[in-house]
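The values are calculated or read from the model by the stated rules, or taken from the named source; none is laboratory data. Predicted model only: the values in this text are computed from it and were never measured. Positions of Cβ are backbone-derived with ideal geometry, glycine not excepted, and every protein chain shown enters the neighbour counts. Ligands, DNA and RNA are excluded from the accessible area calculation, which covers all protein heavy atoms including side chains. Shrake-Rupley method; radii C 1.70, N 1.55, O 1.52, S 1.80 Å.
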Amino acid sequence: MSLSSLHIKNLRNLAEVRIEPVSRLNIIYGANASGKTSLLEAIYLLGRAKSFRSSHLHILEGSGKGGFMVFGQVTGEMGQPQSLGIHYEGGKIHMRAAGQALTQTAELVKRLPLLLITPDSHKILTLGPRQRRRFIDWGVFHVEHDFMTAWRRYHRALRQRNASLRAPGRFVPGEVWDNELHEAAGQIDHFRRDYLQQFLPLLTYFVEKLLPARWDVSLRYLPGWAQDMTFREALARSLERDRLLGYTHKGPHRADVAIEAGGKPAQEHASGGQQKLLMCALYLAQAALFKARTQRQCVILLDDLPAELDTAHRRKLMELLYEIGVQVVVTTTDKDLLHIPQGAEARMFHVEHGAVIEQDATQNGV
Ligand SMILES: Nc1ncnc2c1ncn2[C@@H]1O[C@H](COP(=O)(O)OP(=O)(O)OP(=O)(O)O)[C@@H](O)[C@H]1O
Ligand SMILES: [Mg+2]
């Protein structure tokens with residue numbers, strides 16, 4: 001699937017924007033503060049019902065206040081369009097798909113699978129486990145139908161265990177949630193391992209394309225408890241600590257994926273640019289695996305890519321993004337920095353003071 005039309009109303013400096021992206025490469029260019037990131041933010045809102053820049057949606061309301069709206073058509077592989085919409089008003093966000101109100105964000109997420117790359121995304125290598133866990137779980141969620149159910153079961157049981165830990169004298173191992181917790185943890189663990197096994201060869205492929213040959217990249221999955229024991233044993237061992245602090249320290253909710261090169265943390269011997277390239281390889285692998293497993297496109301939103309990448313790497317990256325066959329929406333202040341692959345299905349949009357105009361994409365950049 002791909003986003004075939006987008007209509008934005010009153011979002012930040014975008015008073016009213018209508019565009020028709022192509023199913024492959026879309027380049028959004030314009031001066032600083034023209035509204036490029038806001039346009040990506042609109043697409044992100046359409047697929048996630050939240051912003052990647054602000055946790056308070058009222059901040060996104062344009063000068064007229066009175067809420068904002070993003071409406072889009074998503075065209076599937078068989079050509080059938082489906083409408084999606086989000087509407088923020090009076091402090092509440094409303095989601096719709098094919099004219100029906102949605103109550104679960106997961107329903108929106110499934111319909112418009114998005115990957116977002118910002119100038120900060122390389123921090124996935126250095127920040128805590130949460131970012132890496134979320135990154136992997138995005139893929140697992142989209143390719144394993146039962147992952148969401150296992151995830152919900154696990155978190156329900158985890159909340160019950162935590163509540164029980166906090167109530168003095170009430171904690172009884174073997175309570176009704178205990179089996180749920182272990183079963184769901186086992187499923188989540190299995191899905192993640194399975195996913196990573198398929199993910200690694202793709203990551204290796206993209207790392208070979210973007211980084212020097214000596215970069216022998218590997219992933220070390222840390223399930224959220226010590227690997228020399230079962231989850232049940234780990235929970236039994238951490239019981240005292242869990243009681244003391246009132247929450248569960250071990251489990252899939254604490255999992256991590258260590259990204260290593262030559263057996264050492266990758267970020268330790270990567271330059272700034274190489275960290276960005278490795279991060280891009282992670283996202284390319286994710287999008288390529290999504291496509292291989294679901295036979296669907298996802299959308300990659302790429303905000304301000306060229307920073308820190310040299311001409312040759314920018315060119316290679318644009319080629320790889322095109323090669324994997326997903327829909328790409330990339331922003332830049334200077335369109336000449338972005339190489340459009342030969343014969344590519346591409347469209348350019350110029351953003352100026354919150355207005356977006358479609359341009360001819362035939363004049364290639366570098
Ligand atoms: N709620 C709002 N209402 C109106 N304008 C806003 C609002 N929030 C932010 N803006 C303004 O919208 C403009 C566009 O911001 P945006 O971040 O989209 O620019 P950009 O094109 O990505 O710029 P850059 O190249 O610097 O990243 C800015 O001038 C910003 O101050
Ligand atoms: Mg920006």
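Listed values, structure above:
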| quantity | calculated |
| --- | --- |
| Subset tally (residues that are within 17 Å of the chain's Cα centre (by Cα), more than 9 Å from ligand 1 (Cβ to nearest atom) and either of a type in the set (Ser, Thr, Tyr) or surrounded by fewer than 23 Cβ atoms within 10 Å (Cβ to Cβ) (or both)) for the stretch 44-61 | 7 |
| Residue identified as touching a residue at least 40 places away in the same chain (Cβ under 8 Å), closer than 18 Å to Asp303 by Cβ and crowded, with 19+ Cβ neighbours inside 10 Å among Ile136, Ile117 | Ile117 |
| Tally, over the stretch 308-352, of residues that are away from ligand 1 (no atom under 16 Å from the Cβ) and more than 21 Å from Leu202 (Cα to Cα) | 13 |
| Hits in the stretch 20-43 (condition: under 21 Å from the mean Cα position of the chain (by Cα), over 20 Å from Met1 (Cβ atoms) and hydroxyl-bearing (Ser, Thr, Tyr)) | Thr37, Ser38 |
| Checking Leu40 against (1) touching a helix residue (DSSP H, G or I) at 6+ places or on another chain (Cβ under 6 Å); (2) closer than 14 Å to Val329 by Cα; (3) open to solvent by less than 20 Å² (accessible area, probe 1.4 Å), the condition it does not meet | (1) |
| Leading residue by the ranking (nearest to ligand 1 (Cβ to nearest atom)) among those in the stretch 274-307 that are of a type in the set (Gly, Ala, Ser) and surrounded by fewer than 16 Cβ atoms within 10 Å (Cβ to Cβ) | Ala307 |
| Yes/no for Val257 being within 16 Å of ligand 2 (Cβ to nearest atom) and at pLDDT 95 or above | no |
| Failed item in (1) within 24 Å of Gln286 (Cα to Cα); (2) loosely packed, with under 15 Cβ neighbours inside 10 Å; (3) more than 19 Å from the chain's Cα centre (by Cα), with Ala163 passing the rest | (1) |
| Filter result for Val17 (more than 10 Å from ligand 1 (Cβ to nearest atom), open to solvent by less than 10 Å² (accessible area, probe 1.4 Å) and touching a residue at least 60 places away in the same chain (Cβ under 8 Å)) | yes |
| Output for the stretch 62-84, where each listed residue is within 23 Å of the chain's Cα centre (by Cα), open to solvent by less than 10 Å² (accessible area, probe 1.4 Å) and small (Gly, Ala, Ser) | Gly72 |
| Answer from Gly128, Gly72, Gly90, Gly76 - the residue that is on the phi > 0 side of the Ramachandran plot and either more than 16 Å from ligand 1 (Cβ to nearest atom) or modelled with pLDDT of 95 or more (or both) | Gly90 |
| Failed criterion for Gly67 (all others in (1) in contact with an Asp or Glu (Cβ under 7 Å, 6 or more places away or on another chain); (2) on the phi < 0 side of the Ramachandran plot hold) | (2) |
| Residue within the stretch 20-30 that is in contact with a Ser or Thr (Cβ under 9 Å, 6 or more places away or on another chain), touching a residue at least 40 places away in the same chain (Cβ under 8 Å), more than 12 Å from ligand 1 (Cβ to nearest atom) and among the aromatic types (Phe, Trp, Tyr) present | no |
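To keep it simple, each residue is scored yes or no on (1) more than 18 Å from Leu211 (Cα to Cα); (2) in the same structural domain as Thr75 (by TED's automatic domain parsing).
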residue	(1), (2)
Gln275	no, no
Met279	no, no
Leu284	no, no
Leu289	yes, no
Leu305	no, yes
Leu320	no, yes
Gln327	yes, yes
Leu337	yes, yes
Ala346	yes, yes
